[in-house]
Amino acid sequence: MNLRKSPLMIFIIIFICALNFTSCSKDADLLSEYVIQDEQNDTSLSILIDDNFTASLNSTVILDVLANDNIANIENIKITSISDTKFGVIEILGDNTLKFEVPEVLPVEVVEETEEVNNESSEETTTNVAVETIVYTTETTNADNVVEIDSATAEVTIIEEKTNQFQFKYSVSDLESFVYQALYSNELPASLNDVNNITYSGEYERLIALVEHGDQCDIYNLDAMQGMIASFEASGNKKFLDDLLILINNLFNKASPSNTLPSGQTGNFGDQFLSWYTDQNTDLTGTSPGSGQYQLCESRSFMHIARLLWVLKHSPNLRSESVLVNGKTYQEHYEHILNFVEQNFWKKWLTRNSLTYQHSGVDSSAGWAYIAWHLWSCTNKEQYKLIYDKFNSNIGIQGTTGGMREHLDTNIKNNEAYQWNTSFNDNSYQGRQITDHGHAARVVKFMVEDYTIGNSFYNKTDMVKLSNTINVFWPKSLEEKNEIYYWMDGEYQSGFNKTRNFMPEGWFCLGRFDPVLQNRFEQMNHTYFISNRTLSVYWGELAYNRAYLEGTIKYPENFYSLKNITE
C-alpha cells in the first residue's frame with residue numbers, strides 16, 4: 001500500500017524542526033555566555049597552595065611560597081602578614097618571599113627524636129626532627145580594584161642528625177676487670193659433692209680442684225675455660241692464656257690408659273687411649289650419669305680446648321716466643337695439646353664408635369662439628385672437614401635427611417626467628433620435640449663462630465633470626481622478673497618449668513653482631529652465673545663481643561685475615 005503525504009503534513013513537520021533548532025541554539029548561547037562570564041570573573045583570583053620546605057640548623061633559607069601558586073597577575077599580589085613562629089626568625093621580603101633564620105639549637109618541646117643503630121659500625125644515629133608551620137596571608141587586587149584576601153600554610157622541616165658511638169653500660173676495661181674478678185677473687189661455695197666442703201677464691205681455683213680430682217664428669221663442668229679463652233682473644237692478657245695452659249696440662253696428666261681404669265657400667269673399652277673414669281658416688285659436681293667413660297663428659301670441655309688450639313695455630317708470633325709456661329714454650333704447648341686431642345679424644349671415640357659424631361641429639365653433634373672445624377683449620381685434614389660438612393649438610397642418621405641447615409625451622413611465634421627439634425630424628429625429649437634454649441646453646445655457639453670466620457654454611461640472615469629468637473623466649477616483659485622462657489618457642493610444657501633464670505652462654509655470642517642486644521646482655525641480671533660458677537663466661541663473652549664490635553680483637557694474631565681461610 002502506497003502512502004501519500006499531504007502538503008499540510010509536510011508544513012507541520014518543517015515547523016516542529018525549526019522550533020527545536022531555535023530552542024537548542026538558545027540554550028547553547030546561554031551556556032557559552034555563562035562560561036565566558038565565569039572565566040572573566042576568575043582572572044583576578046589567586047589560588048594559593050600549601051608549601052613544604054626543608055632546612056638545617058643554624059641556617060638561613062629563602063622561602064618562595066608563591067612559586068607554586070596559581071596567580072593570574074603576580075604584580076597584583078602581595079604578602080601582607082605571617083604568623084608567629086615556634087622557633088627561629090621569619091620576615092617578609094620585598095620580592096614576596098620569606099626569609100627564615102633557623103636557630104642553632106631546637107627547643108626540646110618541638111623535637112621528635114628517633115634512634116637507629118648501625119650494627120656494622122656500632123654507631124648510633126640520633127635524628128631530631130622539628131616542623132615549623134608558617135601561615136602567610138596575601139592581598140590580591142583584581143581588575144575592578146577589589147581587594148581579595150587569601151592565606152596558605154608553609155611547613156619547614158628541620159632535620160638534625162647526630163652520629164655517636166653506641167653508649168654501652170660498661171667500658172671494655174670494665175668487662176675485662178669483671179672477668180678477672182670472677183676468675184681470681186670472687187668467693188665461691190664448695191662443690192655439691194665435696195665432703196670436705198672446700199670453698200674457692202674464684203672460678204680458676206675451682207677449675208684446678210676439679211681437674212685434680214680427676215673424675216671424667218667433673219671435666220664436663222670446666223665451662224670457665226670458655227670465659228678465659230674469650231677474654232684472652234679480646235684483651236690479649238696472657239695471664240688468661242698461661243693459666244689455661246697450666247690447667248690443660250694438669251688435666252692431661254690425670255688421664256690414664258683406659259684398660260687400667262675400672263669397667264663401670266660402660267666397660268673400660270680394653271684399649272690404651274688415655275682417658276678418665278667417672279663415678280656418681282665420688283664426682284665433685286654431682287653430674288655423673290653413672291660409672292664408666294662417657295664421650296659427652298669430654299666433648300663439652302674439649303670444645304674449649306679445640307678453640308685454644310685454633311687461637312695458637314693462627315698466632316705464629318706468639319708461638320715463636322721463648323717464654324716458658326709450666327716448662328714449655330707456647331709452640332710446645334700447642335704441639336702437645338694438638339697431639340693429645342687428636343689421639344686421646346678424636347681417634348679414641350671414633351675408634352670405639354665410628355658414628356659417635358652422629359649423636360641424635362643436635363647439641364652433642366654440634367659439639368663434635370665445632371671441634372672438627374677447629375681441628376680442620378689447624379691441620380687441614382679431610383677427616384675433620386668431613387664431620388664438619390656432615391653436621392651442616394648431611395648428618396647421615398637413619399631416617400633423617402640433610403643436616404643442621406634443613407633442621408632450622410621457622411619459629412611459631414615469629415616468622416623471622418628460628419626453632420629446631422632436640423633430635424635430628426625428631427624424637428621427643430622432656431615431653432616435646434622442640435628443644436629448650438639451654439640445649440640449643442652449643443648449636444648457636446657453633447653457628448656464630450662459623451659465621452664469624454666467614455665459612456659457607458651460615459650467613460648474616462641466620463644471625464638476625466637467631467637474635468630474633470632470643471626475643472621469643474626472653475621478651476622484654478620478663479626482664480625485671482629475672483626469668484626466661486624454657487623453650488625456644490616460649491611455650492609451656494605441663495610438668496616442666498615454664499621459665500628458668502639464666503641465659504645459656506652460647507646465646508651471648510650474638511651480641512657481637514648487634515649492639516642493642518649486647519647492651520641488653522650487659523644490663524641483665526647475672527646472679528645465676530655467680531651461683532653456677534660461670535660468671536667469667538658471661539663477662540668473657542661480652543668482652544669479646546665488644547672487642548669484635550670495635551675491631552680490636554687481639555688474638556689470634558691473624559684474626560682479621562682469617563676469613564675463609566679453611567675454604
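Given the Cα-Cα distance of Asn281 and Ile47 and 0.36 nm per residue of separation, how much length would full extension add, in nm?
Between Asn281 and Ile47, full extension yields an extra 74.8 nm.
Sorted by accessible area (1.4 Å probe), largest first, how do Leu324, Leu93 line up?
Largest accessible area first, the residues go Leu324, Leu93.
Using the Cα atoms of the range 503-543, I'd like the radius of gyration and the largest Cα-Cα distance, Dmax, both in angstrom.
Computed over the Cα atoms of the range 503-543, radius of gyration and Dmax are 9.6, 28 Å.
Which FRET efficiency value, to the nearest 0.05, is calculated for Ser322 and Ser185 with the Förster distance at 45 angstrom and r the Cβ-Cβ distance?
Efficiency at R0 = 45 Å is approximately 0.90.
Want the number for Tyr429 to Lys460: 0.36 nm per residue separation, take away the alpha-carbon distance, what's left? All intermediate terms of the calculation are to be shown ahead of the outcome.
Numbers: separation 31, 0.36 × 31 = 11.16 nm, distance 2.99 nm.
Result for the pair: 8.2 nm of gain on full extension.
Under 24 Å Cα to Cα from Lys239, which lysines show up? Leave out anything in the same chain fewer than 8 places away.
Lys254, Lys313, Lys328, Lys554
For Cys378, tell me the accessible area in Å² from a 1.4 Å probe, rounded to the nearest 10.
Here the residue's solvent-accessible area equals roughly 10 Å².
Quick one: angle between helix 441-452 and the longest Cα principal axis of the chain, in degrees between 0 and 90, rounded to 10, please.
The answer is roughly 70 degrees.
Nearest 10 degrees is fine. How inclined is helix 7-42 to the longest principal axis of the chain, computing both from alpha carbons?
Compared with the principal axis, the helix lies near 60 degrees.
Apply the Karplus parameterisation 6.51 cos²θ - 1.76 cosθ + 1.60, with θ equal to phi minus 60°, to every residue of the range 221-229 and state each ³J(HN,Hα) to the nearest whole Hz, in sequence, with x for glycine and proline.
Once θ is set to phi - 60°, the couplings for the range 221-229 become 9, 8, 4, 4, 4, 4, x, 5, 5 Hz.
In terms of modelled amide H atoms, which long-range or inter-chain residues lie less than 5 Å from the amide H of Ser315?
Glu557
Would you please give the FRET efficiency between Tyr492 and Arg405, computed as 1/(1 + (r/R0)^6) with r the Cβ-Cβ distance and R0 = 25 Å, to the nearest 0.05?
Given R0 = 25 Å and the Cβ-Cβ separation, E is 0.30.
Tell me the relative contact order for the range 346-461 as a rounded percent, counting alpha carbon contacts under 8 Å between residues six or more apart.
Relative contact order for the range 346-461 comes out at 21 percent.
Excluding residues fewer than 8 places away in the same chain, name every one of the lysines whose C-alpha is closer than 22 Å to that of Lys86.
Partners found: Lys99.
Spelling out what I want: for every residue of the range 64-76, take phi, set θ = phi - 60°, compute 6.51 cos²θ - 1.76 cosθ + 1.60 (Karplus), and round to whole Hz; glycine and proline get x.
In residue order, the calculated couplings are 8, 6, 8, 4, 9, 8, 9, 10, 5, 9, 4, 5, 9 Hz.
Each label point is 7 Å from the Cα along the Cα-to-Cβ direction; what then is the distance between the points at Glu550 and Thr141, in nm?
The answer from the label model is 7.1 nm.
In the chain, what percent of the accessible surface is made up of carbon and sulfur (1.4 Å probe, ligands and nucleic acids excluded)?
48 percent
Top to bottom by accessible area (1.4 Å), largest first, where do Asp95, Asp450 land?
Final ranking, largest accessible area leading: Asp95, Asp450.
I want the local charge near Pro189. Using Cβ-Cβ distances under 14 Å, sum +1 for each Lys or Arg and -1 for each Asp or Glu among the other residues.
Numbers: positive: Arg206, Arg533; negative: Glu187, Asp194, Glu203, Glu205.
Charge balance in the 14 Å sphere: -2.
Could you tell me which of rounded, prolate or oblate describes the range 390-481, using a ≥ b ≥ c as the square roots of the eigenvalues of the alpha-carbon gyration tensor, with rounded for a/c under 1.5 and, failing that, prolate when a/b is larger than b/c and oblate otherwise?
oblate
Which of rounded, prolate or oblate describes the range 336-378 when judged by the alpha-carbon gyration tensor and an a/c cut-off of 1.5?
oblate
Which angle between 0 and 90 degrees, to the nearest 10, do you get for helix 535-550 versus the longest principal axis of the chain when only C-alpha atoms count?
50 degrees
Between Thr260 and Gln167, how high is the FRET efficiency from 1/(1 + (r/R0)^6) when r is the Cβ-Cβ distance and R₀ = 60 Å? Nearest 0.05.
Plugging the Cβ-Cβ distance into 1/(1 + (r/R0)^6) gives 0.55.
How large is ³J(HN,Hα), in whole Hz, for each residue of the range 145-154 in order, when computed from phi with the Karplus curve 6.51 cos²θ - 1.76 cosθ + 1.60 and θ = phi - 60°, using x for Gly and Pro?
Going residue by residue, I get 6, 8, 8, 10, 10, 9, 8, 8, 10, 10 Hz, with x marking Gly and Pro.
Could you work out Rg/(2.2 N^0.38 Å) for the range 337-438, with Rg from alpha carbons only?
1.17
The values are calculated or read from the model by the stated rules, or taken from the named source; none is laboratory data. As the structure is a computational prediction, the values presented were derived from the model and not from experiment. Don't worry about glycine lacking a Cβ; one is built from the backbone with ideal geometry, like all the others, and counts go over all protein chains shown. Remember, those area values only see protein heavy atoms, side chains included, never the ligands or the DNA or RNA. Shrake-Rupley method; radii C 1.70, N 1.55, O 1.52, S 1.80 Å.
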